[in-house]
Amino acid sequence: MKARVIERFRFESAHAVLIDGKPEEIHGHTFRLEIAVEGPLRNGYVIDFVELRRIVEEIIGRLDHRNLNSLFENPTTENVALWIAEQVNAKLPEGVSLKRLTLWEGDENGVELEF
């Protein structure tokens, strides 16, 4: 049997997305992140919530209170979500995989990745 574990996070960042090669005005957001990982139940759990939280908080800590333009060529929500997904996948224990990642830019705009 497989199960999914879901965790939610928040971080604050600023960015100026490039639209048609021109940056918009720099502005900030409260980003909300939801991660769902899946794996077999071993000893009653897929992954300890504390371990998953440690993995993700280490990654988003590199984004929190930062200008995302200093980290990404074009810091769209899609590009940031893809980067987070790659980082999380690289740190998950064997047998546990990322199934869904949703990144909200503020309250209205978001992107969802499914694996």
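Just a few scattered comments:
- Vicinal HN-Hα couplings computed from phi for region 45-52 (Karplus, 6.51 cos²θ - 1.76 cosθ + 1.60; Hz; Gly/Pro x): 8, 8, 8, 5, 3, 5, 5, 4
- Whole-Hz couplings from phi, Karplus 6.51/-1.76/1.60, listed for region 61-76; x for Gly and Pro: x, 6, 9, 5, 6, 10, 7, 5, 5, 7, 10, 10, 4, 9, x, 5
- Take the Cα of Met1, go 7 Å toward its beta carbon, and the backbone nitrogen atoms of region 24-46 under 18 Å from that spot belong to 37-46.
- Residues whose placed amide H lies under 5 Å from that of Arg66, excluding near-sequence neighbours: Ala14
- Theoretical gain in end-to-end length, Arg8 to Glu57 [0.36 nm per residue, Cα-Cα removed]: 16.6 nm
- Volume of the convex hull of region 23-68 (Cα atoms only), normalised per residue: 94 Å³.
- Portion, in percent, of the accessible area of the chain that falls on carbon or sulfur, probe 1.4 Å: 47
- Each Cα pair under 8 Å and six or more residues apart adds its separation to the average, and for the chain the resulting relative contact order is 32 percent.
- Phi angles of region 91-97 translate, via the Karplus equation with coefficients 6.51, -1.76, 1.60 and θ = phi - 60°, into HN-Hα couplings of 10, 5, x, 4, x, 10, 10 Hz per residue; Gly and Pro are given as x.
- With distances taken between every two different alpha-carbon atoms, the chain has a Kirkwood hydrodynamic radius of 14.8 Å.
- Using a probe of 1.4 angstrom and keeping all protein chains present, the accessible surface of the chain works out to 59 square angstrom per residue.
- Of Glu38, Glu12, Glu73, the one that fluctuates the most in a GNM where the chain has Cα springs shorter than 10 Å: Glu73
- Pairs of Cα atoms farther than 20 Å apart, region 55-115, %: 25
The values are calculated or read from the model by the stated rules, or taken from the named source; none is laboratory data. These numbers come from a predicted model, not from an experiment. Heads up, the Cβs are rebuilt from the backbone with ideal geometry, glycines too, and the neighbour counts pull from every protein chain shown. Protein only, heavy atoms only, side chains kept; ligands, DNA and RNA dropped before computing areas. Shrake-Rupley method; radii C 1.70, N 1.55, O 1.52, S 1.80 Å.
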